[in-house]
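Notes follow once the structure below has been shown.
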Amino acid sequence: MHFLAPLLLAGTVLATAPIIIHLLNRRRFTRVNWAPMEYLKLTLKTNRRRLRLEQWLLLALRTLAVLALFFAIARPISSSTNLAGFLSVEGRASRVIVIDDSLSMSYQKGDQSAFERAKNAARQILNQLGPQDSVSVVLASNPSQTLVRMAHLEENERNKLVARINELASCQMASHWISTLEDIDRQLQEATFPVKEVIIVTDLWAAGWTVEVQDLFDRWSQEQVTVRFIDIGAEPAGNRVLRSLELDSRIALVDQEVKMTAVIENAGDEPLKSGQALLTVDGDVTPVSLPEIPADKTVNVPVSVRFDQPGQHVVSLSIPTDKLQDDNIQRKVINVRQMVDVVLVDGEPGLNPFDSETDFLALALSAGNSSWQVTQEESSTWKNQLLTAPDLIILANVDQLSKKRITELEELVALGTGLMIFAGDQCDLELYNERLFKGGNGLLPARLRQISDLQSQGLVIEPIADSPIELLKGLTPELLSRVRPRRFADVIIDSSTEPNIDQQKVRVLARWNDASQSPAVLEKRFGEGRVLFWTITADKSWSDWPAEASFVLAMRVAAQQIAADIQRGDNLIAGEPIHYELETITAPQSGELIWLDRELNPLDITFGSIDESKTMLSSAPVRFAGVVEANWQDSQLGDQSQKFAINANVDDSLQKKMNEQALQQFLGRMPLKLIRYQGKEMDLSTEGTELWRYLAVLLLGCLISESMLATWIGRRR
């Protein structure tokens with residue numbers, strides 16, 4: 001018998017209370033000889049045996065009730081077998097041992113992680129299995145790559161396998177049990193023996209368990225597949241998680257402050273006192289102050305860095321460690337650029353300064369900003385030129401565009417190029433709706449209704465998360481109230497009349513402060529790129545805003561937020577494969593991934609041609625977090641390299657451990673067979689069936705029987 005709360009067994013001493021009370025009651029009376037009692041002795045002698053039996057029975061019920069109460073709250077578990085008995089089956093068996101190696105398995109309890117306990121448990125299981133059974137050992141994160149597959153382990157092979165298991169390290173992937181079990185199911189189909197068994201060594205944390213597994217377990221139950229769980233997990237007791245580290249803008253420039261936001265969650269029951277995080281930039285470490293984080297709350301912490309050289313830079317942020325260390329660090333590869341290439345397409349050129357449609361835009365983007373390379377093109381010339389791939393294209397009062405040029409723009413924007421469109425008298429509304437709006441499927445965020453006069457008392461910025469012009473909310477109301485447009489392009493964004501408008505991709509970022517709250521700035525997500533439509537002109541023909549300081553800030557903020565992002569798949573989550581496009585015609589023959597911050601074996605990479613000018617660099621899913629560098633030899637460019645940052649999948653940090661009832665819901669008709677293991681040596685004196693429910697029924701029965709018997713005895717007296 002094994003108890004989950006053995007200290008409560010001390011309460012069983014109270015079971016002596018009914019006996020003591022019974023003995024004391026026998027000594028409460030003093031013998032007094034009374035003549036009439038002599039006549040009752042003969043009657044009492046006749047009933048003495050029955051009365052004594054009734055008293056002893058009542059005493060036994062009361063004592064048993066007290067014992068049942070304290071045994072129940074001590075949570076006993078049935079004990080009817082040892083490890084060999086637990087694993088015994090009738091006949092020869094095909095067994096698959098699954099070792100959970102997800103991120104949560106690095107949770108520390110004492111001087112051991114859950115994964116270390118899992119390896120110890122697997123070792124003890126293997127030592128109990130004979131060579132007559134076939135054994136497969138797999139990791140839950142990579143079940144297709146078995147440590148051993150359907151092998152009959154002699155002593156030497158078993159020792160080699162145990163040594164290999166001892167060298168394993170837990171990965172930073174999240175659990176995904178349906179995919180793991182489906183792969184196990186395919187292995188069972190190839191099993192040699194009809195008796196099939198799956199032994200899952202896991203911490204039973206809730207992350208990764210979904211309802212899809214129930215159908216698989218139901219089928220296994222029908223096919224007489226036995227599933228046994230070895231619970232090596234500890235109850236989670238609070239955790240802090242660094243969930244993400246993201247750039248606030250899409251681009252990072254040399255010699256400019258690059259702002260990032262770290263999202264930190266305190267999943268514990270106690271506040272996380274203020275402290276210091278460590279920010280590492282290309283190996284240089286700088287402390288970062290953290291605010292106090294209340295219990296069960298998430299905060300955003302601003303972080304800023306500055307780079308003096310273009311190219312790839314590795315940034316990491318680590319918060320103070322806790323029992324689950326793998327979710328306390330985030331890594332980021334940032335591609336720092338020397339400049340941003342912007343093309344301004346002028347639909348109404350002028351002869352004098354600031355007469356052209358794009359003169360104010362050019363001044364706003366380039367004045368005192370050497371990192372922005374601004375090129376002004378007349379629309380009549382630009383329409384016939386070969387379209388390059390700048391970071392940002394701005395169409396200002398362009399009259400009309402050919403279908404071919406619009407198709408080229410759609411391809412560029414879908415790949416990430418930013419696009420801004422300004423209205424104007426030159427715009428052909430009908431052609432814009434036909435070719436740019438396309439019933440909601442084109443680049444234009446909304447259908448143009450007409451050019452209308454407008455009387456507005458300023459500009460109102462909508463409180464929208466991730467808005468390209470969100471920083472304008474920090475301006476004083478007086479500055480925004482000075483924006484007084486005289487005319488604007490009225491648009492239709494009603495989804496009831498425009499059913500193809502995707503409200504998740506189209507947003508109104510700002511409105512004019514008029515009676516109708518007319519849209520001023522609209523955004524549309526188009527593939528990897530963003531499109532902003534301004535309902536006024538970029539010059540002073542429809543408003544005096546271009547002469548205001550707020551116009552300069554608005555244009556710079558918007559341009560920087562939607563300009564092309566060149567972070568091309570170099571930041572990943574553990575468990576994702578690497579897919580990276582190379583600008584090379586001839587695919588390299590070979591290459592490898594080298595870990596820069598961990599002592600792990602290199603990983604293989606492959607190369608495949610996408611088209612005549614591009615090659616795809618690919619790898620298998622990367623299971624560990626860290627920074628890797630891909631190295632390969634290009635036939636034309638020589639030695640090449642590319643860094644990638646792989647972060648832990650913090651979805652597996654969910655602080656919730658399943659009990660037997662929760663696990664049984666996923667098992668469906670499959671009976672639960674569970675062993676708990678918390679120490680260095682596996683205590684397998686139990687199959688994990690708790691008996692407190694049976695003791696509770698016994699206690700209730702004792703109380704009812706005692707009440708009925710006491711009442712019956714009392715009536716007879």
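The values are calculated or read from the model by the stated rules, or taken from the named source; none is laboratory data. Note that the coordinates shown come from a computational prediction; the quantities given were computed from them, not determined experimentally. Using ideal geometry, Cβ is built from the backbone for each residue, glycine included, and neighbour counts are taken over all protein chains shown. Accessible surface areas use protein heavy atoms only, side chains included; no ligands, DNA or RNA. Shrake-Rupley method; radii C 1.70, N 1.55, O 1.52, S 1.80 Å.
Structural remarks
- Solvent-accessible area, 1.4 Å probe, carbon plus sulfur percent, for the chain: 51
- Estimated inter-spin distance, residue 583 and residue 325, nm [label 7 Å along Cα→Cβ]: 4.1
- The range 240-329, accessible area per residue, ligands and nucleic acids excluded (1.4 Å, Å²): 50
- Estimated at 0.36 nm per residue, the fully extended path between residue 601 and residue 449 surpasses their Cα-Cα distance by 48.6 nm.
- Dividing the mean sequence gap of close Cα pairs (under 8 Å, 6+ apart) by how many residues the chain holds gives a relative contact order of 16 percent.
- 20 Å cut-off, amide nitrogen to a point 7 angstrom out along residue 157 Cα→Cβ, residues in the range 119-142: 122-139
- Of (1) 55, 36, 20; (2) 72, 35, 23; (3) 50, 32, 25, the label for semi-axes √(5λ) of the Cα gyration tensor in Å derived from the coordinates: (2)
- Virtual spin-label span in nm between residue 592 and residue 210, 7 Å along Cα→Cβ: 3.6
- Solvent-accessible surface (1.4 Å probe) assigned to residue 470 amounts to roughly 80 Å².
- Accessible surface for residue 107 stands near 10 Å², nearest 10, in the context of the full protein assembly shown (1.4 Å probe).
- The helix-only estimate of mean residue ellipticity at 222 nm for the chain, built from DSSP H runs of length n ≥ 4 each weighted as -39500 (n - 2.57), is -8000 deg cm²/dmol after division by the residue total.
- Calculated FRET efficiency for the pair residue 636/residue 289, C-beta based, R₀ 60 Å, to 0.05: 0.80
- The stretch between residue 54 and residue 108, if pulled fully straight at 0.36 nm per residue, gains 13.8 nm over its current Cα-Cα span.
- Shown is the FRET efficiency for residue 431 and residue 282, computed with R0 = 45 Å from the Cβ-Cβ distance and rounded to the nearest 0.05: 0.35.
- Put 111, 326 in order of accessible area, highest first, and with a 1.4 Å probe you get 111, 326.
- Summed residue charge, Cβ within 10 Å of residue 424's Cβ, Lys/Arg positive, Asp/Glu negative: -4
- Our estimate of slack between residue 466 and residue 255, defined as 0.36 nm per intervening residue step minus the Cα-Cα distance, is 73.5 nm.
- Projecting label points 7 angstrom from Cα along Cα→Cβ for residue 525 and residue 300 puts them 1.6 nm apart.
- Separation of the range 262-284 and the range 567-611, taken as the distance between their Cα centroids, equals 30 angstrom.
- Probe 1.4 Å, all protein chains present, accessible-area order of 109, 614, largest first: 109, 614
- FRET efficiency estimate (nearest 0.05) - Cβ-Cβ, residue 352 to residue 438, R0 41 angstrom: 0.65
- Above-threshold pairs, the threshold being 32 Å between Cα atoms, out of 119/656; 259/383; 259/657: 259/383; 259/657
- Sequence of 541, 289 when ordered by accessible area, the most exposed leading, probe 1.4 angstrom: 289, 541
- Centroid-to-centroid, using Cα positions, the range 449-463 and the range 300-339 are 40 Å apart.
- Computed accessible area, residue 245, all protein chains, 1.4 angstrom probe, square angstrom: 0
- The range 330-350 residues near the modelled residue 377 label - backbone nitrogen below 16 Å, point 7 Å along Cα→Cβ: 341-349
- Solvent exposure of the range 340-562, expressed per residue, is 43 Å² of accessible area, with all protein chains present and a 1.4 angstrom probe.
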